[in-house]
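The values are calculated or read from the model by the stated rules, or taken from the named source; none is laboratory data. The shown structure was predicted, so the numbers you read here are calculated from the model rather than taken from an experiment. Don't worry about glycine lacking a Cβ; one is built from the backbone with ideal geometry, like all the others, and counts go over all protein chains shown.
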Number of protein chains: 6
Amino acid sequence: MNVLAVGAHPDDLEILCGGTLARLVKEGHDVVMCHATLGDRGSFVHTSEEIAAIRSLESKRAAEICGAEEATLGLHDGEVSAADPEQRRLVVDLVRDTRPDVIITHFPNDYMSDHNEVSKLIFDCSFHATLPLFETGKPHHDKVTPIYYMETIMGVAFQPTEYVDVTDLIDTKSAMLEAHETQLTWLRDHDGIDIVEQMLAATRFRGLQCGVKYAEGFVPCATWLRGTTKRLLP
Amino acid sequence: MNVLAVGAHPDDLEILCGGTLARLVKEGHDVVMCHATLGDRGSFVHTSEEIAAIRSLESKRAAEICGAEEATLGLHDGEVSAADPEQRRLVVDLVRDTRPDVIITHFPNDYMSDHNEVSKLIFDCSFHATLPLFETGKPHHDKVTPIYYMETIMGVAFQPTEYVDVTDLIDTKSAMLEAHETQLTWLRDHDGIDIVEQMLAATRFRGLQCGVKYAEGFVPCATWLRGTTKRLLP
Amino acid sequence: MNVLAVGAHPDDLEILCGGTLARLVKEGHDVVMCHATLGDRGSFVHTSEEIAAIRSLESKRAAEICGAEEATLGLHDGEVSAADPEQRRLVVDLVRDTRPDVIITHFPNDYMSDHNEVSKLIFDCSFHATLPLFETGKPHHDKVTPIYYMETIMGVAFQPTEYVDVTDLIDTKSAMLEAHETQLTWLRDHDGIDIVEQMLAATRFRGLQCGVKYAEGFVPCATWLRGTTKRLLP
Amino acid sequence: MNVLAVGAHPDDLEILCGGTLARLVKEGHDVVMCHATLGDRGSFVHTSEEIAAIRSLESKRAAEICGAEEATLGLHDGEVSAADPEQRRLVVDLVRDTRPDVIITHFPNDYMSDHNEVSKLIFDCSFHATLPLFETGKPHHDKVTPIYYMETIMGVAFQPTEYVDVTDLIDTKSAMLEAHETQLTWLRDHDGIDIVEQMLAATRFRGLQCGVKYAEGFVPCATWLRGTTKRLLP
Amino acid sequence: MNVLAVGAHPDDLEILCGGTLARLVKEGHDVVMCHATLGDRGSFVHTSEEIAAIRSLESKRAAEICGAEEATLGLHDGEVSAADPEQRRLVVDLVRDTRPDVIITHFPNDYMSDHNEVSKLIFDCSFHATLPLFETGKPHHDKVTPIYYMETIMGVAFQPTEYVDVTDLIDTKSAMLEAHETQLTWLRDHDGIDIVEQMLAATRFRGLQCGVKYAEGFVPCATWLRGTTKRLLP
Amino acid sequence: MNVLAVGAHPDDLEILCGGTLARLVKEGHDVVMCHATLGDRGSFVHTSEEIAAIRSLESKRAAEICGAEEATLGLHDGEVSAADPEQRRLVVDLVRDTRPDVIITHFPNDYMSDHNEVSKLIFDCSFHATLPLFETGKPHHDKVTPIYYMETIMGVAFQPTEYVDVTDLIDTKSAMLEAHETQLTWLRDHDGIDIVEQMLAATRFRGLQCGVKYAEGFVPCATWLRGTTKRLLP
């Protein structure tokens, strides 16, 4: 399968579905990890340009750890907007380029707008990508792709309906998140938290709910043309 | 009553509430069937201009079959956007022109963005249409109109609270949908489906739920100024 | 139509749907107001037998005011139980005796167990009443009757989907409730409230939500065999 | 796997999950189809004893068609009660006898109480079955078994989260239901319906929602000890 | 605490949380009452400029009555849009200027779009306000602020999880609302209502639900970084 | 305040609200920890009588650790039933004896029936306890007590609306749970889990959601007469 995972910022996928992505790669699937923004506003010490450059390297390293391909839409933090025709076009082309069999992205109601707008962009544009007359210079995708929403940050107001066992891949998941060195610092300073410890605690909690050591939770996007009769998650 | 029904594309109203509209006409009401877009991106064989011209004729024929008036906002497929001031103005004027006593439109969470954006446009702008100082050159409408949401395509994640018996009008409904000849082809090729058979199956299913042969399901929009103490559906 | 309204205690129907019942009578329907219990534990000053006798008279007077027939299951306060075979049999017979076209009863999640158990008894036994081999000596009812749930006391955790305009009947509703003289005292002493004022405030609030002076709110019971394609409320 | 499917009456499993059960058998699993009651009150022409005897034969034939084992709790229609210690003991022993890896049963909120009480009995007693000191003379089961709820009759107020493709088995499913000859008559006379046509329409509708010809819908029971990280449905 | 309350139009805060704001001031907190728009389209008799000027004075008087500071974003009625970068910047600066410890604003699903867009603007931009590299010339705020959503107009489709007792401040609340003299007229003419009576009825109803004379209802915004372990409402 | 906490089995309160109870005691409140059953069926090695005796001692020790009073209803595991008049009477008397200002108990939909039945018993009987004519030989309680539901085991299908910070009391909470020595063994053998580790992980997760190290989550019971205008949790 071609798997397209799209998070708002560099590190979101690592926190929310890093283990699942690592497992998908391990099972032989092609995984693209795309961060919508450059992560260029999450720093107290760097300029936007500097932090964007650093985070690009961190993202590539994280993707490399699990064997995924890295990509970005190149947007700016805080400016993701599903109403923006230019951004819509970018996402249509992302889908047309990656031709996914399954998409993983943010839940529509997460804790900040970039997450929520990414979710809407993916939902909207993975449909538009299939319209031949929505012309972008790239061939239209041949199916409306099933979407799995990963959970909200720290699982607030979210109840998974499907769990993926990531026990065997928890070290890979940690390593992927730790590749985002500047974020470990930023989140400590901006939000007073140790994101690796928090990720592990949240991943442990989802494991508790389904009877394994570590798990990640998802809900499928339930709309016409996206329903399936089999589980696409590992 | 003046009834304004607004679907995203030519054929959406026919699939989701064609029987109800036919019944409303039969009971003596004035019905306007408006499709927001020209349906200009749903084709593998025509250019946008060609398919738009064809679908305009198909829409007029479908409306004619049930005795409704046809209208369009003239937008492009995949570009409906409730955040667009120009589109908002168009919808304000649509409401001011048709002066509806009741509006039927898409459920806010349907399977693709044009549907969802139409729903939001109608909700937002049917209010603005009543503000005298929201000036568009047309007189403001004199009431915030009750809205009934028709169901999602194939009823995914939708539970009606009101059902309309369309048993007597199922042939009319089929004929209306069949008027969209190009769509029968497009949906077969794009989504692998026979939309008339599917519409009949879905309409039968709603009938099962309420004890008649064929029915269409709706939920009212529950907000201040739109509540009523009587049923406005037939 | 034959209308069967069943409340847990004498005065519940008066608080929650007195106006609707009065309107139904006025429109020519036969209405039975049944209170499940004798209301025999709501007193600080009387014995159970005394208060039951008094409340029976009050209930008859209230029903008389709106032109309904009064009935009771004769249960004891705090002992309504949908798991009790004897009570189930009583309700089967109530339905077989009254042969309703529509039933109005408590919402399944109200503020105390007698209300909730009445709701479950009615739901369960209005089905059993239709089974010829569920033998009670009375002929089985010929249809699974639609049910409308009236709202919870003071509308907590309840959102109506249908409103009945009771503006013209608000004085009748007040008079019906005032017929329960002992309850005005009991509720003042047990709960510190003026129930007539509270009923009026709640009825006014539902009016606000649907654009009339006074209204009562309901939700239909949504299950197979109970759905309808027309509104049975006035 | 050992699969235990429990419906309230003979024919409920056939209507709601017959295709899934047939597929499970075909894939090599051991399936027990248990009807809680004897179906002894659903007749206009037979006595309870007569109809029970007939339906027992019909049930065995239906199970035979798909290759499942038939079982019953031997309860009476309209008397299933999760509060009854004797019935609880029966279900504990059913679980201990069949030692299921997965259980399929009614959704907790279906259209009549036998369905709902069966759902609660299964939920409650499949846990108790694992307690060694809950002594019934049979050895305790060794795990709290995952439960999948099948849908409500005609899908009212139910949205599946998992679909099973039963396209290849739709004829088997029909044959299983048709084995309940007396029920085809009873439902025609009691409810005015052709249950085979209705079952096909409902199964087709679920197919529409997930992109196949025929499907059955389910939701997993989401509680501690019952969560899983893989799909147990076929 | 610094409290920032943001309503769509002049008078929304007065209707929905005037008592709570008055109580917060009385308890020593600094309260800013901001109306997003100038209220410049709610009039049958004035031009936009005239009505905006009048309503600015009315708003100042209302704020003065309870001891709050008045502010506005200066937007136009019907044009509030969370997708508009300019409006987002205005709200970022509002947060950076007022540095709130708690924010009160509209519920995300209220009866007209200005309310809903204000809710989204506040949610989105109170996060962006904390990003140092989201540069607006003002220093970033130092925390992601907890938000309480006030109820929808007339409480349609809203159930509070927290109530504030405003019994002692009901006269202040009425006076605040009455300061919006032109609105008393406009709402009478546009919607046929007496807004002071309606506000009192709604505030009484919420009181009924929690056992006091008058109350206002709220729900907290449940997302990461906004959760608290203590009640911030009075 | 008098606080009454009621769990199904010895150790449920320790897992779900031990920290909150310890904090309530520390803040000067009188806390009664009642376990409905004797815990007499959770053992692979003891007889029911033996394990009941052992767990009674464990429970007393756990209560002692936090300074609460221990109590029990003396029921048997797997037999808690809200439909049982005898059990109802026991709970009425528990409430009349302890005269609580606030009650903490199980969420109505937890993972096994004893939990759910306790929840219903408490809801139902804390009302009945206030009826003077519901005679049990003990004086009626003088108010319908607010209830907070603690979370489901491992938080499945539960979203708190209120959090209590138990960071300072996490060692006390652990010690309370560890007092249930036999349970540590039983849960390891019956469910394959280390309950102390799991409790800590779940308590950490709730802390993540509200910005502290460790927290416990609750939702208030939202019905008439139980609403409040202040937080009763610490």
Looking at segment D:15-38, which of its residues are within 12 Å of another protein chain (Cβ to nearest Cβ) and closer than 29 Å to D:Asp84 by Cα?
-> D:Ile15, D:Leu16, D:Thr37, D:Leu38
Every listed condition ((1) under 16 Å from the mean Cα position of the chain (by Cα); (2) assigned to a loop (DSSP other than H, G, I, E, B); (3) at positive phi) holds for E:Thr145 save (3)
When segment A:138-168 is examined, which residues are found to be β-branched (Val, Ile, Thr) and surrounded by 19 or more Cβ atoms within 10 Å (Cβ to Cβ)?
-> A:Val144, A:Thr145, A:Ile147, A:Thr152, A:Ile153, A:Val156, A:Val164, A:Val166
D:Asp189 being over 23 Å from D:Ser81 (Cα atoms) and either in contact (Cβ under 8 Å) with a residue 24 or more places away in the chain or not in a helix (DSSP H, G or I) (or both) = yes
Among the numbered conditions (1) within 25 Å of E:Leu131 (Cα to Cα); (2) assigned to a helix (DSSP H, G or I); (3) facing another protein chain (nearest Cβ under 7 Å), tell me where A:Asp124 comes up short.
-> (1)
Has segment A:105-123 got any residue that is polar (S, T, N, Q) and farther than 30 Å from E:Asn109 by Cα?
-> no
Any idea which of A:Leu133, A:Leu169 is within 14 Å of chain B (Cβ to nearest Cβ) and either in contact with a strand residue (DSSP E or B) (Cβ under 9 Å, 6 or more places away or on another chain) or of a type outside the set (Lys, Arg) (or both)?
-> A:Leu133
Of the listed residues (A:Thr172, A:Thr203, A:Thr182), the one being modelled with pLDDT under 95 and touching a helix residue (DSSP H, G or I) at 6+ places or on another chain (Cβ under 9 Å) is A:Thr182
Taking only segment B:172-191 into account, find how many residues are within 19 Å of the chain's Cα centre (by Cα) and either within 13 Å of another protein chain (Cβ to nearest Cβ) or among the hydrophobic types (A, V, I, L, M, F, W, C) (or both).
-> 7
Of all residues in segment A:102-130 being among the aliphatic types (A, V, I, L, M) and in contact with a strand residue (DSSP E or B) (Cβ under 8 Å, 6 or more places away or on another chain), which is farthest from B:Arg41 (Cα to Cα)?
-> A:Ile104
Residue satisfying all of: in segment E:209-234; among the charged types (D, E, K, R) and either more than 10 Å from every other protein chain (Cβ to nearest Cβ) or in contact (Cβ under 8 Å) with a residue 60 or more places away in the chain (or both); nearest to A:Gly192 (Cα to Cα) among these | E:Arg226
Using the structure shown, decide if C:Glu70 is out of contact with any strand residue (DSSP E or B) (no Cβ under 7 Å at 6 or more places or on another chain) and surrounded by fewer than 24 Cβ atoms within 10 Å (Cβ to Cβ).
-> no
List the pairs whose first member sits in segment E:98-119 and is at the interface with chain B (Cβ under 8 Å from one of its Cβ atoms), whose second member is small (Gly, Ala, Ser) and not in a loop (DSSP other than H, G, I, E, B), and whose Cβ atoms are under 8 Å apart, counting only residues at least 6 apart or on separate chains?
-> E:Asp110/E:Ser119
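Filter segment A:209-224 for residues that are part of a loop (DSSP other than H, G, I, E, B), under 22 Å from A:Asn116 (Cα atoms) and hydrophobic (A, V, I, L, M, F, W, C) and give the result.
Once the filter is applied, which keeps residues that are part of a loop (DSSP other than H, G, I, E, B), under 22 Å from A:Asn116 (Cα atoms) and hydrophobic (A, V, I, L, M, F, W, C), segment A:209-224 yields A:Cys221, A:Ala222, A:Trp224.
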A careful count of residues in segment E:152-166 that are in a loop (DSSP other than H, G, I, E, B) and either within 12 Å of chain F (Cβ to nearest Cβ) or touching a helix residue (DSSP H, G or I) at 6+ places or on another chain (Cβ under 6 Å) (or both) gives 5
Looking at (1) within 18 Å of the chain's Cα centre (by Cα); (2) crowded, with 24+ Cβ neighbours inside 10 Å, which is the only condition B:Ala129 fails?
-> (1)
How many of the residues making up segment E:39-86 are out of contact with any Pro (no Cβ under 7 Å at 6 or more places or on another chain) and either more than 11 Å from every other protein chain (Cβ to nearest Cβ) or of a type in the set (Lys, Arg) (or both)?
-> 22
Would you be able to say whether some residue in segment C:56-67 is crowded, with 19+ Cβ neighbours inside 10 Å and either assigned to a loop (DSSP other than H, G, I, E, B) or free of Cβ contacts under 8 Å to residues at least 24 places away in the same chain (or both)?
-> no
Any chance segment B:192-208 includes a residue that's buried (at least 17 other Cβ atoms within 10 Å of the Cβ), facing another protein chain (nearest Cβ under 10 Å) and assigned to a strand (DSSP E or B)?
-> no
